[in-house]
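*Asks:* Take a look at this one; I'll ask things after.
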Amino acid sequence: MSESAVLAANYLRGRLRKTFDLPFDAPCMPEFVLSARKLKETRGVRAMDVAKRLLDYGFYAPTVYFPLIVEEALMIEPTETESIETLDEFIAAMRQIDDEIKSDPDFVRHAPHTTEYKRLDEVAANRNLNLRWTPENAPAVEKVAAD
């Protein structure tokens, strides 16, 4: 199974290398890193913006800002069970996001657009930290009846 994950990661890396900045141009293991550094400098679009926009396409957002040695890092880690069709859909989504950044960067900066919850106000969240769990601030969870 791990061979499949490595193959999938290298397939994605090879197909996205001309669309996004690739800080390490070498074969990878089960994940690889892209960088949105140039997008931030030229269009004001951050790695977090790209990750949030992927949610609109039905993909889980990749790990952002890690590894710390890569500015505006997007760590892409396909699982070993992803089909070639799903990998190609991911590539198409990333290329579409790149096109959106070129034509309307504000649209990408304000993603996600189709999810139930919108973007967190990061500044307010950092200034007003809530680090204690209480029933009042707990998210609503639907209870499932036991069989």
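The values are calculated or read from the model by the stated rules, or taken from the named source; none is laboratory data. For clarity, every value in this text was computed on a predicted model and none was experimentally measured. Backbone-built Cβ (ideal geometry, glycine too); neighbour counts: all protein chains shown. The protein model used for the area step is the full one, side chains on, heavy atoms only, and it has no ligands, DNA or RNA in it. Shrake-Rupley method; radii C 1.70, N 1.55, O 1.52, S 1.80 Å.
*Asks:* Looking only at the range 5-45, which residues are more than 17 Å from ILE91 (Cα to Cα) and either touching an Asp or Glu at 6+ places or on another chain (Cβ under 6 Å) or outside any loop (DSSP other than H, G, I, E, B) (or both)?
*Replies:* Those that are more than 17 Å from ILE91 (Cα to Cα) and either touching an Asp or Glu at 6+ places or on another chain (Cβ under 6 Å) or outside any loop (DSSP other than H, G, I, E, B) (or both): ARG37, LYS38, LEU39, LYS40, GLU41, THR42, ARG43.
*Asks:* Out of the residues in the range 80-106 meeting the condition of being polar (S, T, N, Q) and open to solvent by 60 Å² or more (accessible area, probe 1.4 Å), tell me which one is nearest to ALA9 (Cα to Cα).
*Replies:* The residue in question is THR81.
*Asks:* Output yes when any residue across the range 123-132 is part of a helix (DSSP H, G or I) and modelled with pLDDT of 95 or more, and no when none is.
*Replies:* No: the range 123-132 contains no residue that is part of a helix (DSSP H, G or I) and modelled with pLDDT of 95 or more.
*Asks:* List the number of the failed condition for SER35; all other conditions in (1) open to solvent by 30 Å² or more (accessible area, probe 1.4 Å); (2) within 16 Å of the chain's Cα centre (by Cα) hold.
*Replies:* With respect to (1) open to solvent by 30 Å² or more (accessible area, probe 1.4 Å); (2) within 16 Å of the chain's Cα centre (by Cα), SER35 is out only on (1).
*Asks:* Considering only the range 59-107, state which residues are among the aliphatic types (A, V, I, L, M), outside any helix (DSSP H, G or I), under 11 Å from the mean Cα position of the chain (by Cα) and closer than 18 Å to ARG17 by Cβ.
*Replies:* Within the range 59-107, ALA73, LEU74, MET75, ILE76 qualify.
*Asks:* Against the definition (out of contact with any helix residue (DSSP H, G or I) (no Cβ under 8 Å at 6 or more places or on another chain), crowded, with 16+ Cβ neighbours inside 10 Å and touching a residue at least 24 places away in the same chain (Cβ under 8 Å)), how does LEU55 come out, yes or no?
*Replies:* Working: out of contact with any helix residue (DSSP H, G or I) (no Cβ under 8 Å at 6 or more places or on another chain): yes; crowded, with 16+ Cβ neighbours inside 10 Å: yes; touching a residue at least 24 places away in the same chain (Cβ under 8 Å): yes.
For LEU55, the condition - out of contact with any helix residue (DSSP H, G or I) (no Cβ under 8 Å at 6 or more places or on another chain), crowded, with 16+ Cβ neighbours inside 10 Å and touching a residue at least 24 places away in the same chain (Cβ under 8 Å) - is met.
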